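The values are calculated or read from the model by the stated rules, or taken from the named source; none is laboratory data. None of these values were measured; they are calculated from a predicted model. In this analysis, Cβ positions are derived from the backbone assuming ideal geometry, glycine residues included, and neighbour counts consider all displayed protein chains. The area values use the complete protein model at the heavy-atom level, side chains included, leaving out ligands, DNA and RNA. Shrake-Rupley method; radii C 1.70, N 1.55, O 1.52, S 1.80 Å.
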Amino acid sequence: MSGEAAAQFNIHDAKTQLSRLVEQAAKGESFVIAKAGKPMVKVIALDAPEPSQQKRFGFMAGQIQAPEDFNTMGAEEIQKLFESKA
């Protein structure tokens, strides 16, 4: 469930639906078991990727380079746009 919040079940509901919930977790749909509304554990598939294995922002670090003048590129054109009267 990347990017989405995991479904949450209280302990009683998790006990009564355990077989179905385990099947869903095995298919990649993790869930949280809560006690009195407080999340206690997260159930995920054994073969789920570790957090360090998940793709993160910056996965192409070092593979792309910005030009030296990146912060000033087009500055003159931008300035002209602000100064012109439409």
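Overview of results
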{"quantity": "Counted residues, the range 6-19 - those being open to solvent by 70 Å² or more (accessible area, probe 1.4 Å) and closer than 18 Å to residue 48 by Cβ", "calculated": "1"}
{"quantity": "Within the range 28-78, tally of residues that are under 30 Å from residue 8 (Cβ atoms), open to solvent by 100 Å² or more (accessible area, probe 1.4 Å) and either modelled with pLDDT under 90 or among the aliphatic types (A, V, I, L, M) (or both)", "calculated": "11"}
